[in-house]
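The values are calculated or read from the model by the stated rules, or taken from the named source; none is laboratory data. None of the values given here were measured: they were computed from a predicted structure. Positions of Cβ are backbone-derived with ideal geometry, glycine not excepted, and every protein chain shown enters the neighbour counts. Heads up: the accessible areas ignore ligands, DNA and RNA and are worked out on the full protein's heavy atoms, side chains in. Shrake-Rupley method; radii C 1.70, N 1.55, O 1.52, S 1.80 Å.
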Amino acid sequence: TACGTNRNEAGGTGGGSTCDTSKGTLGIGMVAPLSGSLSALGLGMRNSAKMAVDQANQKCTVKGYKLAFQPEDDQATAQIGGQAGTKLSSDPNVVGVVGPLNSSVAQTVAPILAGKKIVQVSPANTNPTLTLGDQPVASPKRPFPTYFRTATTDLVQGPFGAQYLVQKAGKKNIAVIDDGKTYGAGLADQAAQEITKLGGKVVAREKVGEKDTDFSGVIGKIRPSNPDAVYYGGEYPVAGPLSKQLAGAGLNIPLMGGDGIVDAKFVQLGGKEGDLATSVGAPAESLPSAKQFIDDYKAAGFSEPFSAYGVLTYDSANVIIDGLAKAIGDGGTFDDSKRQALIDAVQATKLDGASGPVSFDQYGDTTNKVLTVYQVKGTDFAPIETGAYQAS
């Protein structure tokens, strides 16, 4: 059965491959925001995972099987994400799931997939509790043996951003605001702790709603403390307008956030020159390991950019595909009895990914602690510093 594509692959056979798919079809699922305010990130994730699946089919990576990509839209909400997770987990042919984007969605999806022993790899979740349990620092305990991630956590990202803000940008009096969601609140808490540890001062600690559009109330609360920067835990739909309204109120200070704001949409929504953010990993354009990914993505003709998580999503999908190929082997078949073998294979991953070397620790966390600081320049974020996190 022909299951190739018409697109040339580096090192491939040119016009496609003829693979033995006589054993059937196995599904690689995805849960991500494919519509709504965070779709700029989710669509880049979808395209990147699809490309990994298409390439695996062309290269006959999983012997005897065709892989089918099954993306589900979670609209960045836990309830809809849970429905997506349930739909995927009820399909006996689904072997693994990529995603989701949001940690709050992952808290709902992870136990659903774990209940069916379906391996899950997220390129974007950063909340520590997903891998380390309710006491991630004092008493780490892995809650889901099926859950892995290629993104590093807020235990690293929050302090990394705070270190730049205090030590490099010279900000000492910082207002910390978050959106109350799992990701935003956790990131802001970690940043606030590090700001204090470094000798900075958290002059205000406030919350906004993820659907808020008028921030005059919170701006009025922080103004008397005369902050020289705002650290925001949340995503770009709120962060952009918040930055704009801070400037409109006469607070001409930078807003800094995490990976949830690193997108050109942040600037379109009001983010201003000089605003800052951190993101997981190194910029794709700076990585020799990502050159083939970037070239292939362009050649595929997707209408959306791969965005902040494209490279990590591509690697996440390939982690599942590589593990599946090893769990099945040559001449083997996949059934429920192989699900543990797939989990074990993913745990043992040693992959040369587009993001660099990919492997996991005993909790399912990536061993890659590299992050990047970005700054708004013109219409988008530009990388200004990349490095591995060092505890202060």
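Split the accessible area of the chain by element, probe 1.4 Å, and carbon with sulfur accounts for 50%.
By the compact-protein rule of thumb, 2.2 N^0.38 Å, the alpha-carbon radius of gyration of segment 233-354 corresponds to a ratio of 1.46. Here the mean projected area of the convex hull built on the C-alpha positions of segment 314-392 is 7.8 nm². At an R0 of 51 angstrom, the distance between the Cβ atoms of Ala300 and Ser337 translates into a FRET efficiency of 0.90. A full extension of the chain between Arg205 and Ser22 corresponds to an added length of 60.0 nm, given 0.36 nm per residue minus the alpha carbon distance.
In the context of the full set of protein chains, residues of the chain present 38 Å² of accessible surface per residue (probe radius 1.4 Å, heavy atoms only).
Taking label positions 7 Å along the Cα-Cβ direction at both Thr196 and Thr213, the computed distance is 3.6 nm, reported to one decimal. Among 210-220, 340-350, 311-321, 91-101, sorting by the average number of other beta carbon atoms lying within 10 angstrom of each residue, highest first, gives 311-321, 91-101, 340-350, 210-220. All other residues whose Cβ lies under 10 angstrom from that of Val376 are scored, Lys and Arg at +1 and Asp and Glu at -1, for a net of -1.
Near Gly42, once Lys and Arg are set to +1 and Asp and Glu to -1 for all other residues with Cβ below 13 Å from its Cβ, the sum equals -3. For segment 21-109, the relative contact order works out to 43 percent when only alpha carbon pairs closer than 8 Å and six or more residues apart are counted. How many nm is it between the label spots at Thr386 and Ser225, if each spot is 7 Å from the Cα in line with the beta carbon? Inter-label distance under the simple model: 3.4 nm.
Per-residue ellipticity at 222 nm computed for the chain from its helices equals -11000 deg cm²/dmol, with DSSP H segments shorter than 4 residues left out and the rest contributing -39,500 (n - 2.57). Working value for the chain: equivalent-ellipsoid semi-axes of 38, 21, 18 Å, each the square root of 5 times a Cα gyration tensor eigenvalue, largest first.
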